[in-house]
1. Do we have residue 294 as modelled with pLDDT under 75, loosely packed, with under 14 Cβ neighbours inside 10 Å and not assigned by TED's automatic domain parsing to the domain that holds residue 164 here?
2. Is one or more of the residues making up region 65-82 of a type in the set (Asp, Glu) and surrounded by 13 or more Cβ atoms within 10 Å (Cβ to Cβ)?
3. Restricting attention to region 13-59, and to residues there that are in contact with a Leu (Cβ under 6 Å, 6 or more places away or on another chain) and in a strand (DSSP E or B), which single residue is surrounded by the most Cβ atoms within 10 Å (Cβ to Cβ)?
4. If you scan region 29-66, which residues turn out to be within 24 Å of residue 77 (Cβ to Cβ) and free of Cβ contacts under 8 Å to residues at least 12 places away in the same chain?
5. Run down 165, 159, 152 and say which single residue is outside the structural domain of residue 239 (by TED's automatic domain parsing) and at pLDDT 85 or above.
6. Which of the residues belonging to region 17-41 are among the aliphatic types (A, V, I, L, M) and either in the same structural domain as residue 139 (by TED's automatic domain parsing) or under 29 Å from the mean Cα position of the chain (by Cα) (or both)?
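The values are calculated or read from the model by the stated rules, or taken from the named source; none is laboratory data. What you are looking at is a predicted structure, and each value in this text was computed from that prediction instead of being measured. Cβ sites come from the backbone with ideal geometry, for glycine too, and all protein chains shown count toward neighbours.
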Amino acid sequence: MRAMTLPPGPALHPAAQIALWAFRPISFLTSCAQRFGDTFTVRFPGYPPLVFTSDPAAVSEILAGDPGTFLTGQGNRILKPLLGEESLLLLDGEHHKQRRRLVMPPFHGPAMRAAADAMGAAARRHLERWPTGRPFPVQPAFAALTLDVIVETVIGVRENDRRAELCGRLTRLLSLGTHPSVFFFVGRGFPPPARLLFSACFALFSFAYGFLVCYVWGDARRRGMRHRIWALVAALVPNGLGFLAYFLLREPVLRRCGSCGTAVRRDLAFCPQCGAGLARACPSCRKLIEPDWGHCAHCGAKL
């Protein structure tokens, strides 16, 4: 049986190739494509040869190919420490089909039509900002559009200013985990000290994650919010988006009325239950004022 011939690729040492991929991934792959064509091979220490292709016909053939030949799950095993054994991205064959059926309902029929208007509006907003008459990188543009849709349809932030602020913060946060070098710290081929260090970091991350979920439960309860719902959002929404949504949207801390004991928001001057005064208020506009004010900052009345 004749050995398979792989496409050409850079002759650099595998250690040099993985360094270029880790610190300058786009430039490295672009230079390979310019030199060797749409399909080329790179080699990393501790891994079998990796073949990259940007040829449309080859991509279509791979995506529509026999699942028994193109084992996507097997190729994604490097992500196992991050995603778990049963992640859809790590499964192949019949097991993959069974798990896929469980997650498909939200992507069919009424569920998708309900979000169509928001997706269309987000697309129009971003298209208006795209430059015309000159080339520009499309990956960041489409990533920003996708994040905008997620923030509006999944998290539910629809106000333009708050949505833009949240998208900016999420972009900065997610950029920490999208660098290709991150994935090699969870793969194989590293010496035992590196694997031990990763295990310790993962244990510390798990502890911090559980602590934050418990904090969200207690803090939301203290603020009179739906603490069970918010704890689930923080725990289940991936990439820390649930925590970000909670800290951006949480209500002020409640305080107790000295007369009737009712839990009241801190921005109220009077108890809605018994009418007792909770803080100093302007006699003219009845809004909260600071103890050292000589005039009301809301209506200008002399105090």
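1. No; evaluated as a whole, the condition is false for this residue.
2. No - not one qualifying residue is present in region 65-82.
3. 42
4. Of everything in region 29-66, those that are within 24 Å of residue 77 (Cβ to Cβ) and free of Cβ contacts under 8 Å to residues at least 12 places away in the same chain turn out to be 48, 50, 59, 61, 62, 63, 64, 65, 66.
5. From the options 165, 159, 152, the qualifying one is 165.
6. 18, 19, 20, 22, 26, 29 - these are the residues of region 17-41 that are among the aliphatic types (A, V, I, L, M) and either in the same structural domain as residue 139 (by TED's automatic domain parsing) or under 29 Å from the mean Cα position of the chain (by Cα) (or both).
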